[in-house]
Amino acid sequence: MAASSVLKKGTSTSPHRKNRGDLDTSLGASPLFQQSASRAIRVVSMCENRIGCRARGTLSIGRHGLATQMQMDLVRAGKKTPPPNAAEVWIDFDGTLTTQDVVDSLVRGFCATDAWRALEDAWQAGQIGSRECLAGQFSLVRIGEEDLDAFLASISLDPGTPRLFELLGRHGVPAMILSDGIDWFIDYILRAHDLQPPPVRSNTLVRSGASWQLVCPHFSPACQSAAAHCKCASMERLGTPGRWRIYVGDGRSDLCAARKAHLRFAKGTLAANLEDEGLEYAPFATLNDVCHVLETAWPQRRLRAA
Ligand SMILES: [Mg+2]
Ligand SMILES: [Zn+2]
């Protein structure tokens, strides 16, 4: 899907802005979270001004000086971060773990005709869901094996991706990639970067003559995001009861799952949609910002003296 053209800028004047208090507040009352929050104030200064649309003015935070709204939101995320043994993390792939939307780039670069544009426009206008859009676009893609390998190998990751995987593994936090893209593209890209990915749940693609056929085993006609992969249904089905859900994403297909998360890290279209709905989220520029918050909330275990 073309994510680049649907970026909607968040606004500080949203009528919903005042209502951003839907997250469970009981976590913030815990001494553990209070402790991590004070550290988060120092950490988030590294994130300042990386997202222009969110850096809307400054707010006083006492002896720590001035902070942008983004900093304040990240501090709030630190307060709400559950401990590792009570958390599970759900991560989008395209545009979140990568710096670009893989399917969008493939479609733009390798479609046999320009017919993909009409599908894209219809999806943008909300006239069709991503399944219909993607299925139509993939049927137009023509690319050989060698060129496909080269294309997938050219995809760059967010600079914080290895750090996020390492952090989650070190703390034993269950994680899953929920993607509206293609499972074996994701596997190829992450392995090309020598990363062992967490489990992936996604659409898949099979050869059908000269073209490809999209297969959507996790589609739901009831999906509120009208996505090929209903991420909220996957999260409901696979989530561990009793664990707090942390969601990280950037696009329209993330919205249905993000609505049901306890803590949200968002950028791009997802951030704009959450903003419009008055749902609380922490903005991020790169996954390093997310890692800062989690690392601050999840202190290192002290090494025992020999
Ligand atoms: Mg995405
Ligand atoms: Zn859904």
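Residue-level analysis places Leu195 outside the set of residues that are assigned to a strand (DSSP E or B), touching a residue at least 12 places away in the same chain (Cβ under 8 Å) and farther than 28 Å from Ala112 by Cβ. In segment 259-296, of all residues being among the acidic types (Asp, Glu) and in contact with a Phe, Trp or Tyr (Cβ under 9 Å, 6 or more places away or on another chain), the one that is farthest from ligand 2 (Cβ to nearest atom) corresponds to Asp289.
Condition test on Gly268, is it in contact with a Leu (Cβ under 6 Å, 6 or more places away or on another chain), at positive phi and crowded, with 18+ Cβ neighbours inside 10 Å? The answer is yes for Gly268.
Among residues that are farther than 28 Å from Ser220 by Cα, surrounded by fewer than 18 Cβ atoms within 10 Å (Cβ to Cβ) and at pLDDT below 95, Glu145 is included. Restricting attention to segment 272-302, the residues being in contact (Cβ under 8 Å) with a residue 24 or more places away in the chain, in contact with a strand residue (DSSP E or B) (Cβ under 6 Å, 6 or more places away or on another chain) and outside any loop (DSSP other than H, G, I, E, B) number 2.
Give me the residue from segment 126-156 that is part of a loop (DSSP other than H, G, I, E, B) and touching a Cys at 6+ places or on another chain (Cβ under 9 Å) and, out of that set, nearest to Gly109 (Cα to Cα). Break it down stepwise before answering.
Step one: list which residues in segment 126-156 are part of a loop (DSSP other than H, G, I, E, B), which gives 126-129, 139-140, 142-144, 154-156.
Retained after the next criterion (residues that are touching a Cys at 6+ places or on another chain (Cβ under 9 Å)): 129, 140, 142.
Values: Gly129: 22, Leu140: 11, Arg142: 10 Å.
Looking at residues that are part of a loop (DSSP other than H, G, I, E, B) and touching a Cys at 6+ places or on another chain (Cβ under 9 Å), I get Arg142.
Ile155 fulfils the conditions (1) in contact (Cβ under 8 Å) with a residue 60 or more places away in the chain; (2) buried (at least 17 other Cβ atoms within 10 Å of the Cβ); (3) under 22 Å from Ser253 (Cα atoms) except for a single criterion, (1). Filtered by the rule that a residue be in a helix (DSSP H, G or I) and either within 15 Å of ligand 1 (Cβ to nearest atom) or surrounded by 24 or more Cβ atoms within 10 Å (Cβ to Cβ) (or both), segment 211-233 gives Lys231, Cys232.
The values are calculated or read from the model by the stated rules, or taken from the named source; none is laboratory data. None of these values were measured; they are calculated from a predicted model. When we count neighbours, we look across all protein chains shown, and the Cβ atoms used for this are built from the backbone with ideal geometry, even at glycine.
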